[in-house]
Amino acid sequence: MEIKSTTMSDSDNNTLPDTQNQKDTREIPIDKVGVKNLKYPIAVKDKNNEIQHTIATIAMTVDLPQEFKGTHMSRFVEIIQCKDREIHVDSIDTILVEMQKRLKANSSHIEIEFPYFMEKKAPATGKPSLLDYVAKFHAVRNGDKKDFILTVKVPVTTLCPCSKNISKYGAHNQRGEVTVSVRFQDTVWIEDLIAIVESSASSELYSLLKREDEKSVTERAYENPVFVEDLVRNVVMKLKMNGNITWYNVEAENFESIHNHNAYAQIESHNVFTNGQADEYMINRY
């Protein structure tokens, strides 16, 4: 019996119709189209250890003119796969340019979110342990114009000033999360943003705490009560001292321990702080 090969030849591939390139008659352009939730290894600059290797969740999108039926989804993955086995931060703009070129797009977007680890020493015993944070790079190209935002999510402890003032003993405290997004001129380290947030809360968090460490953290939080309003204001005060930062957005959310809802506050820098550059920003979600 003769068995015929089912492998597609190059000639077969060349004759297959390109459905995505077919004309669309609805005359509706698409702002963003592409792939999301793509996992890929990346290498991130680490202030203390030069490079940190981690796994990112990536979204890549481009605009689609009204005359085209669809974009070529496989090309997004090809662009990533053509790089080294890791994406380096320095190559992000090159990726955006290649997306514009290969997908015949005017604008290209990439969002890279990843866990970032820092070694922390317990406050009393000095025992080291790793704590994970969430960081995100959001980069956009529109023609030759570029925009880039760095975001870091930092877990913290907050203790309620009101609860402390009205109670005979104790005060309710809870874990919260602060999200800081910045635009900047020169290098801004992820570690520095984390340090700003942690020093603005009632206490920072640790993965490993022995009894004497737990005592230290509990007492520190009690001595430094902050409302969610205090928290965002404290962070902004310190961001303003960094001359490299040209724009910021700070959000804080407390996961209340005595309520079935969360407390929330947010501050974004205004056009005065950005020296009028805000009108040129292209990213409006961060």
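Things to note:
- Single condition S257 does not satisfy, out of (1) at pLDDT below 95; (2) crowded, with 17+ Cβ neighbours inside 10 Å; (3) hydroxyl-bearing (S, T, Y): (2)
- Of everything listed in (1) assigned to a helix (DSSP H, G or I); (2) in contact with a helix residue (DSSP H, G or I) (Cβ under 8 Å, 6 or more places away or on another chain); (3) over 26 Å from Q22 (Cβ atoms), the single unmet condition for F76 is (3).
- If the condition is being within 17 Å of A265 (Cβ to Cβ) and either without any contact (Cβ under 8 Å) to a residue 40 or more places away in the chain or of a type in the set (D, E, K, R) (or both), then segment 177-197 contributes only E177.
- Restricting segment 64-94 to residues that are more than 30 Å from T25 (Cα to Cα) and free of Cβ contacts under 8 Å to residues at least 24 places away in the same chain, the residue that is farthest from the chain's Cα centre (by Cα) is C82.
- With respect to (1) in contact with an Asp or Glu (Cβ under 9 Å, 6 or more places away or on another chain); (2) under 19 Å from Y264 (Cα atoms), the lone exception for L205 is condition (2).
- On the stretch given as segment 260-280, residues that are surrounded by fewer than 16 Cβ atoms within 10 Å (Cβ to Cβ) and either charged (D, E, K, R) or modelled with pLDDT of 85 or more (or both) total 8.
- Taking the criterion of being of a type outside the set (V, I, T) and crowded, with 16+ Cβ neighbours inside 10 Å, the residues of segment 33-51 that qualify are G34, Y40, A43, D46.
The rows are residues; the columns are (1) crowded, with 18+ Cβ neighbours inside 10 Å; (2) under 30 Å from Q22 (Cβ atoms).
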residue	(1), (2)
H53	no, no
D93	no, no
L96	yes, yes
F117	no, no
G126	no, no
Y133	yes, no
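- Candidates are the residues of segment 207-231 that are under 28 Å from the mean Cα position of the chain (by Cα) and surrounded by fewer than 17 Cβ atoms within 10 Å (Cβ to Cβ); the one that is nearest to T151 (Cα to Cα) is E229.
The values are calculated or read from the model by the stated rules, or taken from the named source; none is laboratory data. Predicted model only: the values in this text are computed from it and were never measured. Every residue, glycine as well, gets a Cβ built from its backbone with ideal geometry; the counts of neighbours run over all protein chains shown.
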